[in-house]
Amino acid sequence: MVLAGGAARRMGGVAKPLLPVGGVPMLRRVLGAVAEARALVVVGPPELAAELPSAAVLTREDPPGGGPVAAIAAGAAVLPADAERVLVAAADLPFLTRDAVAALLAVDADVVMFTDEDGRRQHLCAAWRLGALRAGIPANPHGTPMRALLADVDVVELPWAGEGPPPWYDCDTPDELRAANDRRTPRHVHTEEAL
């Protein structure tokens, strides 16, 4: 599940997932990292449809702008009933890789999420058991803080042991986007590889 909504106010209201890092839109980089997913749900505005693989499902929280829990609720509602694990990732993570996704999915837990060097949980770079995720979604998820999803689950915290920039590095501001372009890994992600 890729969360690609948000108003991007600090980016001038542009479709933030379409902004490039290393010449490749961040959304395409994230899609490349999750290319092996059995089902792909992207939660975001209709203008992203042209960027998605044909098998992807594009949905949106109603009303739009309800925050990440509302977006997760919208995405969870259209995931296949037989799905067991779901990766929840923001669309503005230019350094998310297949290795990082595999590291999260290798941990057998209700929820596992990366933590940074200061121990802060990275809520939008996590793997969930779908049942635990759905059980934590409130009846009215609009505006609900992420910590509400975690109230009744044991969270396994996973420090990043890989190379390069951390997979949870997100680009919320122009300065962070510039820094991502300065820090991008030497291996260029080609368009066909990312989809």
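The values are calculated or read from the model by the stated rules, or taken from the named source; none is laboratory data. Quick caveat, the model's predicted, so the values are computed rather than measured. Because the Cβ atoms are built from the backbone with ideal geometry, glycine has one as well, and the counts that use them run over all protein chains shown. Just so you know, the surface numbers come from the protein's heavy atoms only, side chains and all, with ligands and any DNA or RNA stripped out. Shrake-Rupley method; radii C 1.70, N 1.55, O 1.52, S 1.80 Å.
Set side by side, the residues Ala37, Ala83, Ala55, Ala50 differ, and just one is among the aliphatic types (A, V, I, L, M) and either outside any loop (DSSP other than H, G, I, E, B) or over 22 Å from Trp128 (Cβ atoms) (or both), which is Ala50. Selection of the stretch 97-114 for residues being within 30 Å of Ala179 (Cα to Cα), touching a residue at least 24 places away in the same chain (Cβ under 8 Å) and either of a type in the set (Asp, Glu) or open to solvent by 10 Å² or more (accessible area, probe 1.4 Å) (or both) yields Thr97, Arg98, Asp99, Val101, Ala103. Residues in the stretch 137-166 that are free of Cβ contacts under 8 Å to residues at least 40 places away in the same chain, more than 17 Å from Ala127 (Cα to Cα) and not aliphatic (A, V, I, L, M): Asn140, Glu163.
Sub-6 Å Cβ pairs linking a first residue in the stretch 61-79 that is farther than 20 Å from Ala132 by Cα and free of Cβ contacts under 8 Å to residues at least 40 places away in the same chain to a second residue that is open to solvent by 20 Å² or more (accessible area, probe 1.4 Å) and among the small types (Gly, Ala, Ser), at least 6 apart or interchain, number zero.
Output the residues belonging to the stretch 4-23 that are modelled with pLDDT of 90 or more and open to solvent by 20 Å² or more (accessible area, probe 1.4 Å). Selection gives Leu18, Leu19, Pro20, Gly23.
Residues that are among the small types (Gly, Ala, Ser) and either farther than 19 Å from Arg183 by Cβ or at pLDDT below 95 (or both) within the stretch 24-68 comprise Ala35, Ala37, Ala39, Gly44, Ala49, Ala50, Ser54, Ala55, Ala56, Gly65, Gly66, Gly67, listed in sequence order. I'm trying to understand the selection: among the residues of the stretch 168-182, which are under 16 Å from Gln122 (Cβ atoms) and in a helix (DSSP H, G or I)? Once the filter is applied, which keeps residues that are under 16 Å from Gln122 (Cβ atoms) and in a helix (DSSP H, G or I), the stretch 168-182 yields Glu176, Ala180.
Please verify whether the stretch 151-167 includes one or more residues that are touching a Lys or Arg at 6+ places or on another chain (Cβ under 7 Å) and in a loop (DSSP other than H, G, I, E, B). For the stretch 151-167, residues touching a Lys or Arg at 6+ places or on another chain (Cβ under 7 Å) and in a loop (DSSP other than H, G, I, E, B): present.
Taking every residue in the stretch 17-33 that is at negative phi and in contact (Cβ under 8 Å) with a residue 12 or more places away in the chain and pairing it with any residue that is of a type in the set (Ser, Thr, Tyr) and not in a helix (DSSP H, G or I), at least 6 positions away or on another chain, the pairs with Cβ-Cβ distances below 7 Å are Ala33/Thr97.
Consider the stretch 139-152 and keep the residues that are modelled with pLDDT under 95 and within 25 Å of Asp82 (Cα to Cα). The one that is least open to solvent (accessible area, probe 1.4 Å) is Leu149.
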